[in-house]
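First up is the structure itself, then whatever we jot down about it.
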Amino acid sequence: MDRRSFLNKVSAGSIATMIGVDIVFGSNMSSDYIPVIFEQDLYSVFGKHKDMIVLNDRPWNVEAQPHILDDRVTPANKMFIRNNGIIPSIKDSSDWELKIAGKSAKTSRSYSLEVLKSRFTKYTYQLTLECAGNGRSEFDPPAKGNQWTLGAVSCARWSGLRLRDLMEDAGYNADLVYIGYTGADTHLSGDPARDSISRGIPLEKAIQDETLLAYEMNGNDIPIAHGFPLRLVAGGWPASASGKWLDTLLLRNKVHDGEKMTGQSYRIPCETVEPGAKVADEDMCIIESMPVKSLITFPKSGAVIKRNETLPVRGHAWAGELAVREVQYSIDFGATWQKAKLESPVNRLAWQHFNAKIKFPRNGYYEVWARATDSNGKAQPMVLPGWNPKGYLNNACHRIAVKVE
Ligand SMILES: Nc1nc2c(c(=O)[nH]1)N[C@H]1C(S)=C(S)[C@@H](COP(=O)(O)O)O[C@H]1N2
Ligand SMILES: [Mo]
């Protein structure tokens, strides 16, 4: 990004948020001054790993690559960022409040962050969060939106209170069917009255053990890009359900109809359609549990090994609300498949690790393909599954290139 486009896109006030610390003599900087840190290394923005790929900077959308997702628990610097609006500038969370509102709330009230931390039991789960648009770049005809390849998925350890415990404490009416969220980020237009996104989850998902109001990620405060100081985390569902910078929970007596809950957003045709078809809003269904998928995180695609060397291959597999039953791999373009070693998840809704030791028959070019099957027996497709207008839910098999010489 050159200096001019940087200046057009980034307001001075948000620079400190991006760097993550206060600019001590910031008031001395002229309004068109660009801190040197951005000239040296754009990826120092948000402290991300150098192999992260910036898809968009207004709003910030940054994806990982498969080889940097090799950790069992995704560290903050390798976690994809998906924003719909402008990241809020929140330095101090001591006066943060969570409002409870909506027709199905017994009373409208607020909880301070301090009370959420001290009055409720703290739980920790490792939870898979995948953007519903992960894999969109492969759609044909193409789908508008961030052209995610494979890297819009993470599995960090989230700690906080159970949403269910808060709902019990606050009290709700018997007609409650849906929980909606709003966050403190601002709409790209700058209009404070508009939400950039306001989605949610049905009651059944809200009351699961693993559905958290998280105030920690991997044992630390949640990084600002990922929702500091409070975030709804609903693992296994489109990550768009996991509201960042959470300031309000709406207890609804009907399906939540906030920004990006309605129309075509985060919905797919209820029945399969022809590629390129136009689908009426009323024929679109809300995406709930994400489909089975796997990722080869080692080696990096393009690996070169010596003849007679055994190649260790490893990765993760996940299946939304379900567990993964089996991961297989193929080195002959899908003609035959072998079983990989598959571990159990550390808890429900966490991804599962697989590995295999592969020997290749002779020198040449190979591809390693991985294919996961969920606990209902449903396997990943080899190629792009059902086309849909917004390019969601591409769970096609991941493939890497390997050369033996
Ligand atoms: N308040 C708020 N919450 C949000 C979003 C957002 O733009 N604003 N984006 C959602 C989407 S679409 C995704 S995929 C995830 C991304 O989470 P991450 O940036 O922590 O990886 O956050 C979700 N929660
Ligand atoms: Mo998303």
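The values are calculated or read from the model by the stated rules, or taken from the named source; none is laboratory data. Keep in mind that what you see is a predicted model, and the values were worked out from it rather than measured. FYI the Cβ positions are ideal-geometry reconstructions off the backbone, even for glycines, and counts take in every protein chain you see. Quick note on the areas: whole protein, heavy atoms, side chains included, nothing else; ligands and nucleic acids left out. Shrake-Rupley method; radii C 1.70, N 1.55, O 1.52, S 1.80 Å.
Looking only at the range 241-249, decide whether some residue is within 15 Å of ligand 2 (Cβ to nearest atom) and open to solvent by 10 Å² or more (accessible area, probe 1.4 Å).
Checked against the condition, which is being within 15 Å of ligand 2 (Cβ to nearest atom) and open to solvent by 10 Å² or more (accessible area, probe 1.4 Å), the range 241-249 yields at least one hit.
Starting from the range 175-190, take each residue that is in a loop (DSSP other than H, G, I, E, B) and list its partners that are within 16 Å of ligand 2 (Cβ to nearest atom) and open to solvent by 30 Å² or more (accessible area, probe 1.4 Å), counting only C-beta distances under 9 angstrom and pairs at least six apart or across chains.
Listed by first residue and then by second, the contacts come to D185/D195; H187/D195; H187/E259.
Filtering the range 268-289 down to residues that are in a strand (DSSP E or B) and of a type in the set (V, I, T), which residue is farthest from F139 (Cα to Cα)?
Here the residue is I286.
Go through (1) surrounded by 15 or more Cβ atoms within 10 Å (Cβ to Cβ); (2) more than 9 Å from ligand 1 (Cβ to nearest atom) for N84 and report which single condition fails.
(2)
In the set I37, I100, I86, which member is modelled with pLDDT of 95 or more, away from ligand 2 (no atom under 16 Å from the Cβ) and either touching a His at 6+ places or on another chain (Cβ under 9 Å) or among the hydrophobic types (A, V, I, L, M, F, W, C) (or both)?
I100
For the range 114-166, enumerate the residues that are among the aliphatic types (A, V, I, L, M) and touching a strand residue (DSSP E or B) at 6+ places or on another chain (Cβ under 7 Å).
The answer is L116, L127, L129, A132, L150, A152, V153, A156, L161, L163, L166.
Quick check on my filter: what residues within the range 98-128 are within 22 Å of G236 (Cβ to Cβ) and among the aliphatic types (A, V, I, L, M)?
Correct list: L127 only.
Results for (1) buried (at least 17 other Cβ atoms within 10 Å of the Cβ); (2) part of a loop (DSSP other than H, G, I, E, B); (3) not charged (D, E, K, R), shown as yes or no for each residue.
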position	(1), (2), (3)
P291	yes, yes, yes
S294	yes, no, yes
S301	no, yes, yes
V304	no, no, yes
N308	no, yes, yes
Q328	yes, no, yes
A335	no, yes, yes
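Residue check: is S89 within 22 Å of the chain's Cα centre (by Cα) and among the polar types (S, T, N, Q)?
yes
Among the residues of the range 97-120, what is the count of those that are touching a residue at least 60 places away in the same chain (Cβ under 8 Å), of a type outside the set (G, A, S) and open to solvent by less than 30 Å² (accessible area, probe 1.4 Å)?
4
If you take the residues of the range 121-156 that are in a strand (DSSP E or B) and not polar (S, T, N, Q), which of them is surrounded by the fewest Cβ atoms within 10 Å (Cβ to Cβ)?
Across the range 121-156, the extreme among qualifying residues is Y123.
Just checking, does the range 115-133 include any residue being touching a Cys at 6+ places or on another chain (Cβ under 7 Å) and more than 16 Å from ligand 2 (Cβ to nearest atom)?
Within the range 115-133, one or more residues are touching a Cys at 6+ places or on another chain (Cβ under 7 Å) and more than 16 Å from ligand 2 (Cβ to nearest atom).
Touching a Gly at 6+ places or on another chain (Cβ under 9 Å), surrounded by fewer than 23 Cβ atoms within 10 Å (Cβ to Cβ) and farther than 25 Å from N77 by Cβ: is that true of S159 in this structure?
No, not satisfied.
Per-residue answers, yes or no, for (1) in the same structural domain as L251 (by TED's automatic domain parsing); (2) of a type in the set (S, T, Y):
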position	(1), (2)
D70	no, no
S89	no, yes
K106	yes, no
R119	yes, no
T124	yes, yes
G135	yes, no
D140	yes, no
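Can you tell me how many residues within the range 372-405 are under 25 Å from P141 (Cα atoms) and in a strand (DSSP E or B)?
Looking only at that region, the number is 4.
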